[in-house]
Amino acid sequence: MAGMVDERAQLEVTTLGECRIDSPLSAALRRQRSTQHYVDEDDRVLLDDTVSLVAARGVPVAELPGFEPGGPRSKIFFDPSKTRVGIVTCGGLCPGLNDVIRALVLELTNHYGVHRIFGFRNGYQGMTARYGRPVVDLTPEVVSGINEYGGTILGTSRGNQDPNEIVDCLEQLSINVLFVIGGDGSMRGALKIAEVVEERGRRIAVVGVPKTIDNDIPYIERSFGFQTAFGKATEAIRAAHVEATAFPNGIGLVQLMGRHSGFIACYAALANNDADYVLIPEVPFALDGPGGFLEHLRRRVVDRGHAMIVVAEGAGQEYLSTKGTDASGNVRLEDFGRYLRQRIAEHFAAAGVEANLKYIDPSYTIRSVPADPYDSVYCIRLAHAAVHAAMAGRTEMVVGRWRGRFVHVPIALAISSRNLVDPDGDLWLSVLEATGQPAVFS
Ligand code: ATP
Ligand code: MG
């Protein structure tokens, strides 16, 4: 029972104070003869979704852990006419960043009547005085059409900045609401910013829109840009497969993004169903020996004339040494695809078997493209949920998606773990079924 209380507390989102201001959205909603679009502040999106999970808790339904639902509130915390907003994008590129920026600006301007929105250049650098990067005034005109392009109009960066300097910047510009669009590192930074804000007794909402092309942030069923990314990745697999089938003993090897989570590799491989092997960080595999991957690959190439391999960049790291850390402190991974290419060449040469291997690593061409229509829709809806949350005084949270609902997830919870492909789950089972690879290379 104590564990249950803790779990419920972990899911609670911090609120800056009582919401007393009538939401300006009500006029628009009344035109639709309905106010039921407003979220009931006592409602919760349950953490559990099966009877067995609920039964295992043995508690009344009201005590079950649940997320605060996203959506507009009838009473809001910030007076829109006095609200000043900042937007920053940090970390690696991901399809859909510009869609999110545009949707934040349009929702704030057109529906809440907020008219001072600042964009910070190059991530947290743009909020740190010593870089001297001028802020951008974000208006509907400035963001018009930006969703047609990949990347982010605000630019991005890595590297740690002092949260005290960042909060100085927020205070100097009298900003009440900061939207951070970024990955796990950016959200760690956002949490530190929110902590400094609290120490200084300020009422500044810090709300994140989680960006992770790898789909590795928990409580976000699917992150924006992920669908675009794996869709684009299928082009590389298709090309490698065409090459592999054209040459005698052809081998296609495609390395896709996925430092810790192999979702892009799994989805891309399933999407065109040409892969014979998928290797991901979550499922260890032996390369050598009679039950190892190389032996299996050689037998298949000899039997069938070709093979197609998809690897996630973070797979097989146990075979490689790490290369230090990047500016943000992330461990730099060795390139497993290149290593595997070398090992395959050596293995086939040692066995006296011809191999024609084509290696494709499309990572930058994948993450720099504009969002596909599905992701564009999703970005807009995430941005709307983020604006509703911030205007209602929510802080230290990211917008998530759980059981098909937009929810508020405390940042501390969103960075507490990683979303991983479950080796015992149905996604990996589908990959095993589609590829026909053995469940274990040992
Ligand atoms: P992705 O990994 O998807 O590219 P990310 O947001 O994790 O995105 P990082 O480069 O790790 O990318 O971090 C982005 C920004 O967040 C950096 O500018 C860095 O200053 C800041 N940051 C990262 N980790 C922390 C931390 N522990 N505390 C404070 N700030 C951090
Ligand atoms: Mg990261």
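Would you be able to tell me the number of residues in segment 325-346 that are of a type in the set (Gly, Ala, Ser) and more than 16 Å from ligand 2 (Cβ to nearest atom)?
Step one: of segment 325-346, the residues of a type in the set (Gly, Ala, Ser) are 327-329, 337, 345.
Still in the running and more than 16 Å from ligand 2 (Cβ to nearest atom): 337, 345.
Selection size over segment 325-346: 2.
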When segment 42-67 is examined, which residues are found to be small (Gly, Ala, Ser) and either in a helix (DSSP H, G or I) or open to solvent by 20 Å² or more (accessible area, probe 1.4 Å) (or both)?
SER52, ALA55, ALA56, GLY58, ALA62
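State all residues of segment 305-316 that are away from ligand 2 (no atom under 16 Å from the Cβ) and touching an Asp or Glu at 6+ places or on another chain (Cβ under 8 Å); if no residue qualifies, say none.
Keep residues of segment 305-316 that are away from ligand 2 (no atom under 16 Å from the Cβ), which gives 305-311, 315-316.
Within segment 305-316, ALA307, MET308, ILE309 meet the criteria.
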Within segment 239-259, the residues that are open to solvent by 10 Å² or more (accessible area, probe 1.4 Å), more than 9 Å from ALA312 (Cβ to Cβ) and not polar (S, T, N, Q) are ALA239, HIS241, VAL242, GLU243, ALA246, PHE247, PRO248
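Does any residue of segment 344-357 turn out to be outside any loop (DSSP other than H, G, I, E, B) and either under 24 Å from VAL421 (Cα atoms) or touching an Asp or Glu at 6+ places or on another chain (Cβ under 6 Å) (or both)? Before you say what the answer is, go through the steps one by one.
Going through segment 344-357, the residues outside any loop (DSSP other than H, G, I, E, B) turn out to be 344-351, 356-357.
Next, from what is left, pick out any that are either under 24 Å from VAL421 (Cα atoms) or touching an Asp or Glu at 6+ places or on another chain (Cβ under 6 Å) (or both): none.
Within segment 344-357, none of the residues are outside any loop (DSSP other than H, G, I, E, B) and either under 24 Å from VAL421 (Cα atoms) or touching an Asp or Glu at 6+ places or on another chain (Cβ under 6 Å) (or both).
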Of all residues being over 25 Å from ASP184 (Cα atoms) and either touching a Phe, Trp or Tyr at 6+ places or on another chain (Cβ under 7 Å) or free of Cβ contacts under 8 Å to residues at least 60 places away in the same chain (or both) in segment 139-160, which is farthest from ligand 1 (Cβ to nearest atom)? Just the residue, please.
GLU141
State whether one or more residues within segment 317-330 are under 17 Å from VAL421 (Cβ atoms), open to solvent by less than 40 Å² (accessible area, probe 1.4 Å) and away from ligand 1 (no atom under 16 Å from the Cβ).
yes
Which one is farthest from ligand 1 (Cβ to nearest atom) among residues in segment 68-107 that are open to solvent by less than 10 Å² (accessible area, probe 1.4 Å) and among the hydroxyl-bearing types (Ser, Thr, Tyr)?
THR83
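Quick check, is ARG102 of a type in the set (Lys, Arg), more than 23 Å from PRO210 (Cβ to Cβ) and not in a strand (DSSP E or B)?
Details: of a type in the set (Lys, Arg): yes; more than 23 Å from PRO210 (Cβ to Cβ): no; not in a strand (DSSP E or B): yes.
No: the conditions fail for ARG102.
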Candidate set from segment 239-275 (those that are over 25 Å from the mean Cα position of the chain (by Cα) and part of a helix (DSSP H, G or I)); member that is nearest to GLY96 (Cα to Cα):
ALA239
Contact list, first residue from segment 178-201 and more than 15 Å from MET127 (Cα to Cα) and touching a residue at least 12 places away in the same chain (Cβ under 8 Å), second anywhere and within 13 Å of ligand 2 (Cβ to nearest atom) and open to solvent by 60 Å² or more (accessible area, probe 1.4 Å), beta-carbon distance below 9 Å, six or more apart or interchain, is ASP184/ARG418; GLY185/ARG158; GLY185/ASN160
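Could you list all residues from segment 395-415 that are part of a strand (DSSP E or B) and open to solvent by 40 Å² or more (accessible area, probe 1.4 Å)? Give the steps one after another, and end with the answer.
Here is the first cut: in segment 395-415, the residues part of a strand (DSSP E or B) are 395, 397-402, 405-410.
Passing the criteria: ARG401, TRP402, ARG405.
Which of the residues spanning segment 176-203 are of a type in the set (Val, Ile, Thr), surrounded by 23 or more Cβ atoms within 10 Å (Cβ to Cβ) and over 23 Å from the mean Cα position of the chain (by Cα)? Steps first, answer last, please.
Looking only at segment 176-203, we keep the residues that are of a type in the set (Val, Ile, Thr), and these are 177, 180-181, 193, 196-197.
From the residues that got through so far, the ones that are surrounded by 23 or more Cβ atoms within 10 Å (Cβ to Cβ) too are 177, 180-181, 193, 197.
Listed by number, the list holds a single entry, VAL197.
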Considering segment 416-438 alone, what residues qualify as being open to solvent by less than 30 Å² (accessible area, probe 1.4 Å) and either assigned to a loop (DSSP other than H, G, I, E, B) or of a type in the set (Val, Ile, Thr) (or both)?
VAL421, GLY425, VAL431, THR435, GLN437
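Any residue in segment 364-373 that is away from ligand 2 (no atom under 16 Å from the Cβ) and among the polar types (S, T, N, Q)? Write out each step before concluding.
First, pick out the residues of segment 364-373 that are away from ligand 2 (no atom under 16 Å from the Cβ): 364-366, 368-373.
Still in the running and among the polar types (S, T, N, Q): 365, 368.
Yes; the residues of segment 364-373 include at least one that is away from ligand 2 (no atom under 16 Å from the Cβ) and among the polar types (S, T, N, Q).
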Hey, can you tell me all the residues within segment 161-175 that are out of contact with any Ser or Thr (no Cβ under 6 Å at 6 or more places or on another chain), within 16 Å of ligand 1 (Cβ to nearest atom) and open to solvent by less than 40 Å² (accessible area, probe 1.4 Å)?
PRO163, ILE166, VAL167, CYS169, LEU170
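The values are calculated or read from the model by the stated rules, or taken from the named source; none is laboratory data. Note that the structure is predicted; figures quoted are calculated from it, not measured. We place every Cβ from the backbone using ideal geometry, glycine too, and count neighbours over all the protein chains shown. The accessibility values were calculated without ligands, DNA or RNA, using every heavy atom of the protein model including side chains. Shrake-Rupley method; radii C 1.70, N 1.55, O 1.52, S 1.80 Å.
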